[in-house]
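**Student:** Got a structure here, written out as structure tokens. Questions coming.
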Amino acid sequence: MATLGIDIGGSGVKGAPVDTVRGDLLAERYRVPTPQPSDVTSVVEAVAEVAAQFDGFDQVGLTFPGVVVDGVTRTAANVDKSWIDAPAARVFAERLGKPVTVLNDADAAGVAEVAFGAGRDQSGLIMMLTFGTGIGSALFLDGVLIPNTELGHLELDGKDAEVRASDRAREADDMSWEKWAGRVQDYLRHVEMLLSPRLFIIGGGVSKKSDRFFPLIDIRTPMVPASLLNNAGIIGAAVTAEQAAGDPGAIQTDAAAARV
Ligand code: BGC
């Protein structure tokens, strides 16, 4: 079954057909800027524009930067509030005319890293954290996703952690790597105190520059950069869509129930 993966982010909507056996893109990805305001109607049109660049696919896996339960988007920290309680999977499926699966963006990125990247063959509790517009989290126990963990919204120094330590905060406040790494370290220490994962996988665009800030962070948990970089969300969304369609080889996630 041919599957298109589309990643809805705070700044761009990106998609490509995915080889879900090898964990790779089958064509160069196509990107459009995330519409502003990022209301349901505008984003659905942006997704349709990305999908229109490709043909021959049977289904679509989509990521969303908020909580997704049974195809319904429940929160919208960094997108327009019209997404709160929107029947996202149904709306996308109607517009695209194909079956659609929707899952949280960090969960999707984690699914790809666990299947093909930095989390491959890791047992026990591991956590993917994405540092971008917000902070996304994905928790896996023995390779199985525990969805919608939302640990980017833990409180750090009296504020929402992502307001202090996301990559957007680093750029907006023009922070030095030292200053930002200090905040990321405080955040990671808090998460390791609460959950004691065996491994942190650090993703988001900034993970490409891990040599700038990893050496500045002193925590007990081993930490590795994501290896699929910008394509993890696209790949994880497609893998999840295939699993939802009943492919026995696919990874198990909760989003399976959300295929519309
Ligand atoms: C959202 C998460 C999302 C993360 C990264 C947070 O603000 O609440 O659901 O995974 O940003 O986009």
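**Student:** Expressed in nm to one decimal, what extension gain is obtained for the pair R95 and W177 from 0.36 nm per residue of sequence separation less their Cα-Cα distance?
**Tutor:** On the way: separation 82, 0.36 × 82 = 29.52 nm, distance 4.27 nm.
Taking 0.36 nm per residue and subtracting the Cα distance, the gain is 25.2 nm.
**Student:** Follow-up question, since we're still on this one. Output the 0 to 90 degree angle, nearest 10, between the alpha-carbon long axis of helix 232-244 and the longest principal axis computed from the alpha carbons of the chain.
**Tutor:** Between helix and principal axis, roughly 50 degrees.
**Student:** So, one more: Could you point to the residue in L194, S176, G132 farthest towards the positive end of segment 121-227's charge dipole, with +1 and -1 charges on the Cβ of Lys/Arg and Asp/Glu respectively?
**Tutor:** Sorting the options by dipole projection puts first S176.
**Student:** Rounded, prolate or oblate: which fits segment 1-78, taking a ≥ b ≥ c as square roots of the Cα gyration tensor eigenvalues, rounded meaning a/c under 1.5, else prolate when a/b beats b/c? The partial results should precede the final answer.
**Tutor:** On the way: a/c = 2.01, a/b = 1.49, b/c = 1.35.
Prolate, since a/c reaches 1.5 and a/b exceeds b/c.
**Student:** Next question, about the same structure. Placing +1 at every Lys and Arg Cβ and -1 at every Asp and Glu Cβ, with all other atoms neutral, what dipole size does segment 121-227 have around its Cα centre, in debye to the nearest 20? Numbers along the way, then the final one.
**Tutor:** Working: 12 positive and 16 negative charges, 37 e Å.
For segment 121-227, the charge dipole is close to 180 debye.
**Student:** Once you keep just the Cα pairs under 8 angstrom separated by 6 or more residues, what percentage relative contact order results for the chain? Could the numbers behind the result be given before it?
**Tutor:** Values: 609 pairs, mean separation 59.4, N = 260.
RCO, the chain: 23 percent.
**Student:** Of the trypsin sites (Lys or Arg not before Pro) in segment 1-107, which ones lie in a loop per DSSP and count no more than 15 other C-beta atoms within 10 Å?
**Tutor:** Values: sites: K14, R22, R29, R31, R74, K81, R90, R95; in loops: R22, R29, R74.
Here the sparse-neighbourhood loop sites are R22.
**Student:** Continuing with the same structure: Gap in Å between the Cα centre of segment 214-248 and the Cα centre of segment 199-213?
**Tutor:** 12 Å
**Student:** Going toward the positive end of the dipole of the chain, with +1 on Lys and Arg Cβ and -1 on Asp and Glu Cβ, which of S210, A241, G10 do you reach last?
**Tutor:** Value: S210.
**Student:** If you place +1 on the Cβ of every Lys and Arg and -1 on the Cβ of every Asp and Glu, how big does the dipole about the Cα centre of segment 142-184 come out, in debye to the nearest 20?
**Tutor:** Values: 6 positive and 11 negative charges, 19 e Å.
About 100 debye.
**Student:** In the structure displayed, which of K81/K159; K14/K208; K179/K208; K98/K159; K14/K179 lie more than 29 Å apart, Cα to Cα?
**Tutor:** Working: K81/K159 21 Å; K14/K208 18 Å; K179/K208 18 Å; K98/K159 41 Å; K14/K179 31 Å.
Distance filter (> 29 Å) returns K98/K159; K14/K179.
**Student:** Follow-up. Highest GNM mean-square fluctuation, the chain, Cα pairs closer than 10 Å: which of M223, M127, M175?
**Tutor:** Residue with maximal mean-square fluctuation among M223, M127, M175: M175.
**Student:** Mind putting together the pair-distance distribution for the chain? All Cα pairs, 5 Å bins, whole percent per bin, short to long.
**Tutor:** Histogramming the chain at 5 Å steps yields 1, 7, 15, 20, 20, 16, 11, 7, 3, 0 percent.
**Student:** Only bridges whose two residues both fall in segment 121-227 count here: according to DSSP, what percent of them are antiparallel, nearest 5? Walk me through the numbers on the way to the answer.
**Tutor:** Values: 12 of 20 bridges.
Here the share of antiparallel DSSP bridges comes out near 60 percent.
**Student:** To the nearest 0.05, how large is the calculated FRET efficiency for L194 and Q53 if R₀ is 41 Å and r is the Cβ-Cβ distance? Working shown, then result.
**Tutor:** Working: r = 42 Å, r/R0 = 1.02.
Efficiency at R0 = 41 Å is approximately 0.45.
**Student:** OK, next. Please report Rg (one decimal) and Dmax (integer) in Å for the Cα set of segment 121-227.
**Tutor:** Computed over the Cα atoms of segment 121-227, radius of gyration and Dmax are 12.8, 39 Å.
**Student:** Treating the beta-carbon of each Lys and Arg as +1 and of each Asp and Glu as -1, no other charges, what is the dipole magnitude of the chain about its Cα centre, to the nearest 20 debye? Could the numbers behind the result be given before it?
**Tutor:** Values: 23 positive and 35 negative charges, 57 e Å.
Using Cβ point charges on Lys, Arg, Asp and Glu, the chain gives about 280 debye.
**Student:** Shifting gears a bit: How many angstrom lie between the C-alpha centres of segment 107-162 and segment 30-65?
**Tutor:** 23 Å
Since every read-out is calculated from the coordinates, none of them should be taken as a lab result. Keep in mind it's a predicted model, so treat the numbers as computed, not measured. Backbone-built Cβ (ideal geometry, glycine too); neighbour counts: all protein chains shown.
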